[in-house]
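First comes the structure, then the notes that go with it.
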Amino acid sequence: MNPREVAAVLAYLGRLDPRTMRTDTGEARDQIAQWHELLGDVPFTTEHGWDVREAIKSHVLASPYPILPVDVARQWRTFRRDRLSRHTDPTPVANPDNPAAWRAELLGARHAVATGQAVPATHRQLTSGGHHPGLKPYADAVGSYIPAAVRAELAPYRPARAAREAAIAAGGPDVLGVRCQWCHAIEGEPCRSRRVGLDDSARGSAPRAIPHPSRVDLAEAARAERVAA
């Protein structure tokens, strides 16, 4: 805050708590200088969440003692710590081979969150939705993280995934991209062979290399809808 904003804060505080008012010109000037010395790096308001007037009001309502500038400074530091504790660094768009640009983008994002210029990015935002559009060129340049030769060697040990990749390469649907309504396998997981006992309880749940026919039909229907759209 600049001295004019500090004077406005003190005028607002004087209306809420007359004990803090200074009627003498010299005392008022000294009070403004003292508050500005301690609150020079504290903003008056931010775009997200901070308003110094709300901080003053909460102190007046909670404490019988006159507010001091250090009380406001402490609330501002608490505000910064709280926002950073709820923030998860998103993946920078900068080239990871450029450490200086990568670090600068991370620090810039953290500073924006801490100072109320941006909202915290939570972990849910990192794990939902698609990738950042700016990362696509780098992903395309890297390609698959498993070389083709290694993928072929791993095929006997993961038959369901191998069958899925072969079907997609042949132009078929992504069968594991939909949920199986028969064995309730989630997306990305292979179907399972359920053995039911005489008491209707499941006796086994071994993974299947070949998905259930109903799941194949669902995948075909989902692909047809995407093509029609």
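The values are calculated or read from the model by the stated rules, or taken from the named source; none is laboratory data. Note that the structure is a prediction, hence the values are computed from the model and not measured. Note: ideal-geometry Cβ built from the backbone for every residue, glycine included; neighbour counts use all protein chains shown.
Here are the numbers for the structure shown:
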| quantity | calculated |
| --- | --- |
| Top-ranked residue of region 90-128 - restricted to ones that are under 11 Å from the mean Cα position of the chain (by Cα) and in a loop (DSSP other than H, G, I, E, B), ranked as modelled with the lowest pLDDT | S128 |
| Yes/no for D82 being out of contact with any strand residue (DSSP E or B) (no Cβ under 9 Å at 6 or more places or on another chain) and part of a loop (DSSP other than H, G, I, E, B) | no |
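Okay, residues lined up against (1) touching a Phe, Trp or Tyr at 6+ places or on another chain (Cβ under 7 Å); (2) of a type in the set (A, V, I, L, M, F, W, C):
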site	(1), (2)
A7	no, yes
Y12	no, no
R29	no, no
A33	no, yes
V42	yes, yes
T46	no, no
R53	yes, no
K57	no, no
